[in-house]
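Before any comments, here is the structure.
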Amino acid sequence: MMSRLNSLLADPLFVASAPGVALLSKPLGFIDIGARWGVHPWVEPLAGAIAVLLFEPDKEEFDRLQLHLASNAPWKVCQIEPQALGAAEGRGLLHVFSKPNNSSLRSANRALIDRYNIAGFEPTDSVSMPVTSLDKILFGDRAEENYWGEFLKLDTQGTEYEILQGAQRTLSERTIAMIVEVEFCHLYEDQKLFSELEVLLRENGFSFLWVYENQSPIAQASPSIRQTQRSLAGTSLARRRHILQRSVTRWFQTGISIRKRQLRLVCLRDAVGLLRFCPRIGIRNLGCWRRSKTH
C-alpha cells in the first residue's frame, strides 16, 4: 500500500493552493488527546505542515512515545505532555485494564461488561495522578504558542465531555474541527454519551458531521469526495485546479464566514478526503465536528 505520509505535500497542485500556502507558512496546530500508539493517522498526508501536541498520562506509554518520536517524527513540530486532562485542576485515578487502551480515569461499568462478557477490562492497576484543563495549559505556559488547538482529536475512554468542558476558551478562540470518540452505551461509570457530547459542542458553535467507525479499516467516502475524485481522473492540470477550487468553494457554502483559519482547515474535507462516512454505528465510534458559526 502506498504511504500516506506527506502525500499531499508531494503534490505540487496542493502546495500551490491557498490551503497549501497557508499551511506551509504556519503549521496547523493539531492536539491529540489520548495519544496511545502515536499521532492519529488522519493528519499523515500533511505531516510536514502539522504541529502536533500529544497528551498521554500513562507513564509507560508516554516513555515509549517519547523514545519513538525522538527518532521518528515527520511532523513540523512534535511535543508530548505526560498530563491527564479534565474539566478543572484536581486529581484523578487512572484505572489500568488488561487491554491498555481501555484504561480510563473512570471505572469500568462492570454490570455491562460482565453481562456481555466484554474482554479487556480486567483491572491490573490504578494510579493516582494530577489532572488539569486544556485551557490552563494552552493559555498558561504555552500562551505564546497560539497555533495549538485548530484541530482536536479526543480519545480518552469516557472523559471526553469533561475535557471539552475544560477547553471552553480553546473551542471559542481556536478550534475549527475535531474528532471525538463517542459511545452509545455506558462502558464506564457515569460517562457522557453521544447525545450529551453533541449538545455541548452545538452550544459551543459546532455542527456534527458524521460518525467514523474507528475499529474498522472499511469506510465509505462521502459523495462530495467521490464526485471530486471522479472529476479529477484523467484531466489536465488546469482542469484539476479548477475542480479543486470548486470543491473548496463547496466547503464554505453552508453559511460559514470565510476566515484565514477556516481556510487552513479546508483540506480536511472535500479537497483531501480525510473525513469519511461510516455505513454503521457501533458501541464506540469517532464523531466528527466542525465549527458552524463564528463568535
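The values are calculated or read from the model by the stated rules, or taken from the named source; none is laboratory data. Keep in mind it's a predicted model, so treat the numbers as computed, not measured. Every residue, glycine as well, gets a Cβ built from its backbone with ideal geometry; the counts of neighbours run over all protein chains shown.
Quick notes
- Qualifying residue in region 2-22 (condition: part of a loop (DSSP other than H, G, I, E, B), under 27 Å from Q168 (Cα atoms) and within 21 Å of the chain's Cα centre (by Cα)): no
- Filter result for T156 (among the β-branched types (V, I, T) and either assigned to a helix (DSSP H, G or I) or surrounded by 14 or more Cβ atoms within 10 Å (Cβ to Cβ) (or both)): yes
- Counted residues, region 197-209 - those being loosely packed, with under 13 Cβ neighbours inside 10 Å and within 18 Å of T159 (Cα to Cα): 1
- Filter pass, G38 being of a type outside the set (A, V, I, L, M, F, W, C) and in contact with a Ser or Thr (Cβ under 9 Å, 6 or more places away or on another chain): no
- Residue tally, condition in contact with a Ser or Thr (Cβ under 8 Å, 6 or more places away or on another chain) and part of a strand (DSSP E or B), over region 78-89: 2
- Yes/no for G120 being of a type outside the set (K, R), closer than 25 Å to V211 by Cα and buried (at least 20 other Cβ atoms within 10 Å of the Cβ): no
- Of the residues making up region 23-49, those that are at pLDDT below 95, outside any helix (DSSP H, G or I) and aliphatic (A, V, I, L, M) are L28, A35, V39.
- Residue in region 133-150 that is within 14 Å of T170 (Cα to Cα) and either touching a His at 6+ places or on another chain (Cβ under 8 Å) or polar (S, T, N, Q) (or both) present: yes
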